[in-house]
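Right, one structure below, let's go through it.
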Amino acid sequence: MSQRIIVGSRGSRLALLQTESVIARIKEVNPDLDVSVRKIVTTGDRSHRQLGRTGTAIFVKELEQALLDGRIDIAVHSLKDLPTELPPRLYLLAVTERLDFRDALVAKARLNELAAGSKIGTGSLRRTIQLMSYRPDLLAHPIRGNVDTRLGKVCSGEVDGVIVAAAAMLRLGWKGKITEYLPLEHFLPAVGQGALAIEARLGDKEIAELVSPLNHLPTWQGITAERALLRALGGGCRAPVAALGTVSGNTLKLEGMVASMSGRKVLCASEEGSAISAEEIGVRLAQRMLAMGAVEIIAEARSSGNW
């Protein structure tokens, strides 16, 4: 068996911290293994466009090409960046235990306390729609950049607050900077938010043996349902869809949201079932939401070029 593997990662501080956490787990299981990191710049790292206006896979395409070329043995991603349809020779090998899946606000005050007209920075169409549904008197301000760049915009006064993934703040060691965790009933997370994905080449049995023990089953079941919902809706990573699959005992509950591009129509529904039928639960919820009116919402998103 191979005693050395190369892990592909984006080069941002957050991405490297995430990759290091995965490597630490790999070393726990395989203490004699030599593990190195190869930094890879992705299209998303170079893009200055708002994320809601870009296609899927912008943070993973170059990593996947490195896998296919044999330059790396596995790639570590934020799972919410990983499209539901992967290249034919690649697959999702494992997911590590999910960290906090909620959105977090970093601001001068709590969301309910901010004055009307306050500017809230976000690069996410989903978050923009949820914010406008919850506080239509606030202004969603499009921003890009890594987490510390976004927080800097609050300090400089460019915006009054930013919405970011709580997991990112925790991984960066910035829990104390969080003003509040946003309520799930109004801010359902992106598909896969808070989880890390390990992608590998099909047929690479040695790598599978080394890394598959890292897979966290309840997280796997939850994200399988979420990704099945998104896939059945025909959506991409940047579409205004939110989902959260949680496992309690042997039961999986999946909550979903689909919103129109304007935010005027927001559909929410949930489905429960056996955790071993995670994919079936996701498809079932998608079918319900399509019958509720998601068909028209998706058609609108596709015609706008954002699906």
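The values are calculated or read from the model by the stated rules, or taken from the named source; none is laboratory data. Everything quoted here is computed from the prediction, not taken from an experiment. Positions of Cβ are generated from backbone atoms using ideal geometry, with glycine treated the same way; all protein chains shown enter the neighbour counts.
Numbers below:
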{"quantity": "Restricting segment 40-71 to residues that are touching a helix residue (DSSP H, G or I) at 6+ places or on another chain (Cβ under 9 Å) and either of a type in the set (Phe, Trp, Tyr) or exposed (fewer than 14 other Cβ atoms within 10 Å of the Cβ) (or both), the residue that is modelled with the lowest pLDDT", "calculated": "Phe59"}
{"quantity": "Test set (1) surrounded by 22 or more Cβ atoms within 10 Å (Cβ to Cβ); (2) at pLDDT 95 or above - Leu92 fails condition number", "calculated": "(1)"}
{"quantity": "All positions within segment 1-34 that are loosely packed, with under 15 Cβ neighbours inside 10 Å and farther than 19 Å from Ala168 by Cβ", "calculated": "Met1, Ser2, Gln3, Arg4, Lys27, Glu28, Val29, Pro31, Asp32, Asp34"}
{"quantity": "Check on Gly234, over 15 Å from Leu79 (Cβ atoms) and either more than 19 Å from the chain's Cα centre (by Cα) or hydroxyl-bearing (Ser, Thr, Tyr) (or both)", "calculated": "no"}
{"quantity": "Residue match in segment 221-234 (condition: out of contact with any Leu (no Cβ under 6 Å at 6 or more places or on another chain) and free of Cβ contacts under 8 Å to residues at least 24 places away in the same chain)", "calculated": "no"}
{"quantity": "From Leu233, Leu188, Leu182, Leu229, residue being in contact with a Cys (Cβ under 8 Å, 6 or more places away or on another chain) and either crowded, with 24+ Cβ neighbours inside 10 Å or under 28 Å from Gly152 (Cα atoms) (or both)", "calculated": "Leu188"}
{"quantity": "So Gly273, is it closer than 28 Å to Gln18 by Cα and in contact with a helix residue (DSSP H, G or I) (Cβ under 7 Å, 6 or more places away or on another chain)", "calculated": "no"}
{"quantity": "Candidate set: segment 104-126, residues that are at pLDDT 95 or above and among the basic types (Lys, Arg); chosen: the one surrounded by the most Cβ atoms within 10 Å (Cβ to Cβ)", "calculated": "Lys119"}
{"quantity": "Segment 96-123 residues that are touching a residue at least 12 places away in the same chain (Cβ under 8 Å) and under 24 Å from Ala243 (Cβ atoms), paired with ones that are acidic (Asp, Glu) and surrounded by fewer than 22 Cβ atoms within 10 Å (Cβ to Cβ) (beta carbon under 7 Å, 6 or more apart)", "calculated": "Leu105/Glu180; Leu111/Glu180; Ile120/Asp160"}
